[in-house]
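The values are calculated or read from the model by the stated rules, or taken from the named source; none is laboratory data. Keep in mind the model is a prediction, meaning the values are calculated, not measured. Neighbour counts are summed over all protein chains in view; Cβ atoms, including those assigned to glycine, are modelled from backbone coordinates with ideal geometry. Surface accessibility is based on the protein's heavy atoms, side chains included, excluding ligands, DNA and RNA. Shrake-Rupley method; radii C 1.70, N 1.55, O 1.52, S 1.80 Å.
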Amino acid sequence: VEYGAGLTLEETTPLHEVVNHPELHVDRTLLVKGRIRDVCQKKGCWMVLTDGESRIRVRFADYGFFVPKDSSGKDAYVEGRAAVEEISEKEARHYEAEAIDGDPSKIQGDQRVVTFTATGVRLVPAE
């Protein structure tokens with residue numbers, strides 16, 4: 001099942017490379033693959049993707065589409081762009097509050113995070 005503008009790339013970039021070396025990947029359109037670890041439980045307006053060692057929060061371009069709130073555990077191909085952002089403690093706590101098992105009290109101070117803005121998502125059964 002696809003959401004957004006669909007996928008145009010065929011070759012994936014390993015998720016851990018994007019998370020560990022984001023400076024090599026910003027300003028480029030990438031295709032990453034991972035397992036959905038968490039989804040916004042209010043609207044499905046973000047998800048957390050993991051490859052087992054790294055994780056990244058994925059938002060959807062222009063708030064233009066969402067994924068089903070029960071997508072956790074599925075695998076996903078996600079096309080879009082990575083960025084490095086400083087988010088406030090308040091914003092980090094907001095995300096944590098919307099997570100499945102979120103605990104906003106564990107967030108202390110501003111957070112430097114690698115994020116991904118998706119233009120297209122393809123959900124596939126977990127391998």
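Summing +1 for each Lys or Arg and -1 for each Asp or Glu among the other residues whose beta-carbon sits under 15 angstrom from that of ASP75 gives 0. Accessible area per residue for the chain, computed on protein heavy atoms with a 1.4 Å probe, is 55 Å².
Peptide packing for 73-84, 7-18 was compared via the average number of neighbouring C-beta atoms within 10 Å per residue; ordered from the highest value, the list is 73-84, 7-18. Note on the chain: with neighbouring protein chains present and a 1.4 Å probe, carbon and sulfur make up 46 percent of its accessible heavy-atom surface.
Length gained on full extension, GLN108 to LYS43, computed as 0.36 nm times the residue gap minus the Cα-Cα distance: 20.9 nm.
Normalising the Debye intensity of the chain to I(0), with uniform scatterers on Cα atoms only, and taking log10 at q = 0.11, 0.20, 0.22 Å⁻¹ returns -0.34, -1.18, -1.42.
Across the stretch 17-45, the residues whose backbone nitrogen lies under 12 Å from the label position 7 Å along the beta-carbon direction of ALA5 are 29-30. At each listed q (0.18 Å⁻¹), what is the log10 of I(q)/I(0) that the Debye formula gives for the stretch 66-122 modelled as equal alpha-carbon point scatterers? Ignoring solvent entirely, the Cα scatterers give -0.80.
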